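These notes concern the structure reproduced below.
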Ligand SMILES: Nc1ncnc2c1ncn2[C@@H]1O[C@H](COP(=O)(O)OP(=O)(O)OP(=O)(O)O)[C@@H](O)[C@H]1O
Ligand SMILES: [Mg+2]
């Protein structure tokens with residue numbers, strides 16, 4: 001197991017290298033630094049000196065290959081530097097944002113997980129009946145609505161009309177749960193359709209396996225078949241989609257956070273987009289990649305927990 | 001005559017397919033007395049498995065459904081049972097073993113869990129008693145180190161071992177009837193022998209009836225009392241094993257015997273039955289075997305043969321079974337329309 | 001010139017359809033799709049959207065210095081109002097002193113007095129072009145890399161796998177954002193960015209399928225006969241991949257249309273001024289808070305978006321069932 005993890009981590013190095021190469025090409029080679037400096041400097045018509053100063057300050061004045069080496073070294077050591085806009089250290093911004101993101105995102109994530117798996121089990125239990133037919137159709141409908149509508153309508157309905165929760169904002173501590181209600185509802189509805197349908201497909205596929213017939217021939221009830229035999233077998237494909245998402249809970253959701261003004265990493269990223277803050281976006285891309293790789297390793301490890309046939313060597 | 005343990009009457013199991021209705025089982029009748037072994041023989045795709053699954057009402061839904069007939073078990077029609085009543089019969093009164101030992105066990109649960117579940121669902125709990133019984137069963141089916149086996153997963157076992165586990169599971173509640181659907185087809189020859197031996201032993205010990213499904217006449221000769229030969233969803237011949245081996249009546253049965261590799265044929269080409277089993281959606285209109293039958297004459301393609309009783313040719317008539325065949329050759333009037341001299345019962349094998 | 005392209009696209013589509021109908025396999029699939037009422041309804045709906053997009057792509061100038069106007073533009077030459085008005089209302093809304101309107105607006109007008117129905121129809125072209133162009137970028141890319149990797153294996157496979165593992169490791173929304181920040185706003189740029197991020201999954205599928213087909217009898221036979229790899233890939237393997245491609249393009253199309261709305265919300269979508277449902281929804285964000293509430297803007301744009309995506313999803317499912325029962329969802 002340990003050897004497997006070590007090997008996976010080593011295997012991640014060329015991938016991280018590739019990712020930082022892509023970000024370098026994107027952010028250094030495509031956009032001329034001068035252009036960047038112009039748009040960043042507050043003065044209307046910056047003098048050449050001002051531009052030079054800004055470039056030096058942000059390290060964009062060196063030759064390309066020097067910049068490349070520096071870029072690589074910094075990314076691999078996770079030294080993200082300072083924001084292009086505010087000059088604040090990016091690590092500091094991440095530290096500030098990760099708390100709210102993690103709280104809101106994990107609450108929504110686990111609520112979503114529980115609700116969708118229960119619904120998928122219900123739909124699979126009534127497979128072939130009208131419950132199944134209309135349930136699946138409803139899923140397609142839910143899938144076809146853009147998340148923006150869920151955001152706007154959710155806030156209007158639950159926040160403004162029904163007044164279940166504060167419209168937007170965030171306060172740390174126990175209060176956070178109140179502010180997480182609306183994002184939770186929105187996340188639930190916007191992902192519900194796709195998830196339930198996916199889990200249903202996975203479960204129905206298992207229902208056709210031979211071991212289900214054996215279980216029935218033994219006299220196991222339909223509920224036993226579904227909740228024990230099928231569920232444990234369906235866990236593998238479900239885990240693939242679930243465990244991979246766990247590390248990203250730290251990053252929060254871009255749209256939801258910025259819409260509900262939650263001061264998390266998602267909002268930070270949206271602000272960076274608005275301000276053309278390349279340094280922050282670069283850092284987030286790299287962070288996201290690392291979280292993805294961690295997620296992939298965790299997924300593999302989690303397989304060993306549910307499937308005795310999997311051995312990590 | 002006493003009521004047989006299982007009496008299947010005019011059983012029909014159909015499938016709705018894009019190509020039309022597939023009549024996989026189309027009017028099958030037979031009965032099994034307590035302690036008797038009936039072999040159901042036929043080529044691949046002729047509906048043997050579906051017959052077995054229909055008895056337990058495990059036909060793959062929603063495509064497949066039981067379209068008609070009766071399945072009397074101890075005098076009660078199982079088709080009248082509710083799903084819950086049926087569940088209590090499965091695994092308790094009727095046990096079943098499947099064709100594919102490699103996939104029939106649930107890969108993510110231990111052998112012990114699955115074996116004890118078979119008892120637990122019929123109200124025996126999961127206590128130490130159940131555990132003791134599980135060990136006992138595994139020992140009985142000839143598996144070494146049962147204690148260790150309880151903690152193992154199916155993928156750690158060989159095919160033969162898995163089939164033994166399946167048998168142990170089917171026997172867990174002392175069923176009165178065991179349905180074994182080609183229990184040895186997926187195994188290699190030496191293991192086949194052992195498994196068959198085991199089934200026969202267990203049958204004597206437990207005193208249960210066995211419905212053995214196979215396409216191997218060699219197996220039939222070894223273990224069964226009576227044989228039902230199935231073709232294209234129907235039973236075409238029904239006889240005691242002795243009678244059948246002495247004098248197969250239906251041309252299809254004879255063809256089956258002829259295509260069996262035997263000692264004196266070694267080195268020569270194997271005779272096979274010409275053609276293939278037709279699609280279940282489009283059985284030939286009259287006699288379903290007619291297109292492949294060496295004895296056919298025009299009547300075979302126009303009039304559907306009916307199942308008729310036949311006098312048993314044996315001297316001692318101790319066996320309970322009557323003899324029957326579905327072929328115009330034995331029809332008093334239609335047989336006379338045949339151009340040549342009708343074939344009488346000859347001994348072929 | 002700019003009228004030629006849409007006409008050409010439509011002609012090409014009809015020609016492809018007729019060609020494919022002659023092949024028995026496809027004819028059978030079309031027949032099965034035609035039997036499903038839901039699928040046929042979806043085709044009709046998508047056809048209507050396509051038709052509007054087509055009408056919005058054909059245009060001409062009235063004079064040398066006049067702007068180019070499309071047929072849709074010409075159909076909606078109603079005078080502009082001053083501000084909001086409800087559907088079919090005769091006076092404006094939300095002003096202290098409501099003005100009488102210059103014309104009836106079926107779906108009302110937005111904050112600057114633009115007809116909502118007109119804006120909604122303008123969104124069709126953006127959505128269809130975005131989905132179509134992106135698929136045109138992503139699909140050949142995916143097929144090329146997937147087939148090469150699957151067929152040649154070894155080094156080629158390693159290289160392609162490395163490439164898509166790297167791309168896959170970057171969360172796609174982040175990659176999209178980076179690309180669009182660098183490229184700037186615009187429909188064409190969005191197509192490129194979405195094309196780059198969306199080819200990976202199809203490539204993976206293609207690679208797997210090619211691997212499977214490579215070991216099939218007919219490919220082996222062709223190889224033994226000395227048929228060149230290019231020809232094998234093009235003549236023997238590609239036709240077998242087409243069902244997969246069609247299903248994944250249809251289902252991917254709906255994802256792209258949805259992505260457009262989200263990117264517009266993040267200010268990374270098409271330029272303001274180009275019709276886009278995402279921009280409309282984004283603009284309507286604060287309108288629900290007004291008194292009286294302005295709902296028609298949001299409703300029109302999101303309904304238009306919803307109907308198209310729903311039709312695409314339903315058609316994709318029906319195609320999957322009809323063409324490839326193996327992939328059946330139930
Ligand atoms: N899921 C299904 N859908 C449609 N038809 C089916 C289905 N399952 C079985 N059939 C039909 O039922 C017929 C009988 O199948 P069955 O499995 O009983 O054959 P068998 O005699 O057990 O053959 P084998 O020796 O291969 O096990 C087949 O010919 C097939 O046409
Ligand atoms: Mg069978």
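The values are calculated or read from the model by the stated rules, or taken from the named source; none is laboratory data. Computed from a predicted structure; not experimentally measured. Note: ideal-geometry Cβ built from the backbone for every residue, glycine included; neighbour counts use all protein chains shown.
Scan the range A:255-304 for residues that are within 30 Å of residue A:233 (Cα to Cα) and without any contact (Cβ under 8 Å) to a residue 24 or more places away in the chain and jot them down. Hits for the range A:255-304: nothing passes.
Check whether at least one residue in the range A:219-238 is crowded, with 23+ Cβ neighbours inside 10 Å and without any contact (Cβ under 8 Å) to a residue 12 or more places away in the chain, and report yes or no. There is at least one residue in the range A:219-238 that is crowded, with 23+ Cβ neighbours inside 10 Å and without any contact (Cβ under 8 Å) to a residue 12 or more places away in the chain. Look at the range C:14-29: where a residue is within 18 Å of residue C:321 (Cα to Cα) and a partner is at pLDDT below 85, sitting 6+ places away or on another chain with Cβ atoms under 6 Å, you get C:26/C:20; C:27/C:21; C:29/C:322; C:29/C:323.
From the list B:151, B:140, the one residue that fits, being surrounded by fewer than 18 Cβ atoms within 10 Å (Cβ to Cβ) and either facing another protein chain (nearest Cβ under 9 Å) or touching a helix residue (DSSP H, G or I) at 6+ places or on another chain (Cβ under 8 Å) (or both), is B:151. Just one of the listed residues (B:97, B:66) is touching a strand residue (DSSP E or B) at 6+ places or on another chain (Cβ under 7 Å), within 16 Å of ligand 1 (Cβ to nearest atom) and free of Cβ contacts under 8 Å to residues at least 60 places away in the same chain, namely B:66. Of all residues assigned to the range C:193-213, none qualifies as being in contact with a strand residue (DSSP E or B) (Cβ under 9 Å, 6 or more places away or on another chain) and surrounded by 17 or more Cβ atoms within 10 Å (Cβ to Cβ).
Could you run through the range B:31-53 and say how many residues are in a strand (DSSP E or B) and either within 14 Å of ligand 1 (Cβ to nearest atom) or within 19 Å of residue B:199 (Cβ to Cβ) (or both)?
6
Right, residue A:146: modelled with pLDDT under 90 and surrounded by fewer than 21 Cβ atoms within 10 Å (Cβ to Cβ) or not?
Judged against the criteria, residue A:146 is not a match.
Per the conditions (1) surrounded by 19 or more Cβ atoms within 10 Å (Cβ to Cβ); (2) within 16 Å of ligand 2 (Cβ to nearest atom), the sole criterion not satisfied by residue B:216 is (1). From the list C:304, C:284, the one residue that fits, being in contact with a helix residue (DSSP H, G or I) (Cβ under 8 Å, 6 or more places away or on another chain) and crowded, with 23+ Cβ neighbours inside 10 Å, is C:284. Considering the range A:142-163, the residues that are under 23 Å from the mean Cα position of the chain (by Cα) and at the interface with chain C (Cβ under 7 Å from one of its Cβ atoms) include one that is farthest from residue C:296 (Cα to Cα), namely A:143. Among the residues of the range C:244-251, is there at least one that is touching a helix residue (DSSP H, G or I) at 6+ places or on another chain (Cβ under 9 Å) and more than 26 Å from residue C:53 (Cα to Cα)? Within the range C:244-251, one or more residues are touching a helix residue (DSSP H, G or I) at 6+ places or on another chain (Cβ under 9 Å) and more than 26 Å from residue C:53 (Cα to Cα). The single condition from (1) within 9 Å of another protein chain (Cβ to nearest Cβ); (2) farther than 10 Å from residue A:97 by Cβ; (3) touching a helix residue (DSSP H, G or I) at 6+ places or on another chain (Cβ under 7 Å); (4) at pLDDT below 85 that residue A:247 fails is (1). Consider the range B:297-312 and keep the residues that are modelled with pLDDT under 80 and part of a loop (DSSP other than H, G, I, E, B). The one that is surrounded by the most Cβ atoms within 10 Å (Cβ to Cβ) is B:312.
Residue B:32 fulfils the conditions (1) within 16 Å of ligand 2 (Cβ to nearest atom); (2) within 27 Å of residue B:4 (Cβ to Cβ); (3) touching a residue at least 40 places away in the same chain (Cβ under 8 Å) except for a single criterion, (1). Checking each residue in the range B:172-184 for being within 14 Å of another protein chain (Cβ to nearest Cβ) and within 13 Å of ligand 2 (Cβ to nearest atom) picks out B:179, B:180, B:181, B:182, B:183. Would you check if there is a residue in the range B:18-30 being within 14 Å of chain A (Cβ to nearest Cβ), surrounded by fewer than 24 Cβ atoms within 10 Å (Cβ to Cβ) and within 10 Å of ligand 1 (Cβ to nearest atom)? Within the range B:18-30, none of the residues are within 14 Å of chain A (Cβ to nearest Cβ), surrounded by fewer than 24 Cβ atoms within 10 Å (Cβ to Cβ) and within 10 Å of ligand 1 (Cβ to nearest atom). Of the helices (runs of 4 or more DSSP H) contained entirely in the range B:177-294, those carrying at least 1 residues that are modelled with pLDDT under 85 fall at B:189-206, B:217-223, B:251-258. Against the numbered list (1) modelled with pLDDT of 90 or more; (2) more than 26 Å from residue A:127 (Cβ to Cβ), residue B:4 comes up short only at (1). Restricting attention to the range B:185-213, which residues are within 16 Å of ligand 1 (Cβ to nearest atom), touching a residue at least 60 places away in the same chain (Cβ under 8 Å), surrounded by fewer than 22 Cβ atoms within 10 Å (Cβ to Cβ) and more than 12 Å from chain A (Cβ to nearest Cβ)? B:185, B:187, listed by residue number. For the range A:261-278, the set of residues classified as away from every other protein chain (no Cβ under 12 Å) and farther than 21 Å from residue C:172 by Cβ consists of A:261, A:262, A:263, listed by residue number.
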